[in-house]
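See structure below.
The values are calculated or read from the model by the stated rules, or taken from the named source; none is laboratory data. Source: prediction; values computed, not measured. Neighbour counts run over all protein chains shown; Cβ positions are idealised from the backbone, glycine included. What goes into the accessible areas is simple: the full protein's heavy atoms, side chains included, and nothing from ligands, DNA or RNA. Shrake-Rupley method; radii C 1.70, N 1.55, O 1.52, S 1.80 Å.
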Amino acid sequence: MKIALGSDHGGFELKNEIIKHLKEKGHEIKDFGPMTNDSCDYPDYALPVAEAVANKEFEIGILVCGTGIGISISANKVPGVRAALCSDTFSAHATRQHNNANILAMGQRVVGPGLALDIVDTFINSEFEGGRHQKRLDKISKIEEKYNK
Ligand code: RB5
């Protein structure tokens, strides 16, 4: 799977652990940075990952900041992005099955590395169920259209 990753300084270490994990599993990844844990601003890294996922250059994105909140809010500003902040594996598979989430966001200061990697694997290995859920995603798209005129 082609996966885009990004973080801020608050998610830097977990991002690197996830990258190592995904590479070991044979996934094709691109690290959109940052490349050091110097203080930086999460919207600067959420945006290129969100755009790359929205443009379908990557199948999914993974974003990490301290809480996962700022970086997921930022990514969700890009039309076509459905970024889901997850701290448990139930949410990770439910958001793929029901929301067709295309970006997983996590908080390095919230979840430990073991749980985080389980969440990543669960997210990657779950699929959208379509059906009644598609109608709801269409309504989300309508909201985007309304405010992007
Ligand atoms: C950075 O200190 C922190 O605010 C950021 O990583 C994130 O938690 C914001 O939502």
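Close amide H pairs (under 5 Å, H built 1.01 Å from N) link residue 61 with 4, 103, 104, residues at least 5 positions away or on another chain. Close amide-amide hydrogen proximity is noted between residue 85 and 105, each under 5 Å apart and 5 or more residues distant or on a separate chain (H modeled in the peptide plane; Pro and chain starts excluded). When only the Cβ of Lys, Arg, Asp and Glu is charged (+1, +1, -1, -1), the dipole of segment 38-149 relative to its Cα centre reaches about 640 debye.
Ordering 124, 94, 69 by the projection of their Cα atoms onto the charge dipole of the chain, which places +1 on the Cβ of Lys and Arg and -1 on the Cβ of Asp and Glu, puts 94 at the extreme positive end. Computed over segment 15-149, the convex hull of the alpha-carbon atoms projects to a mean area of 8.1 nm². Residue 73 contributes about 90 Å² of solvent-accessible surface, heavy atoms of the protein only, 1.4 Å probe. Just the protein heavy atoms count here, and of the accessible area of segment 73-149 at 1.4 Å, carbon and sulfur take up 51 percent. If you sort 142, 149, 2 by accessible surface, 1.4 Å probe, largest first, the order is 149, 142, 2.
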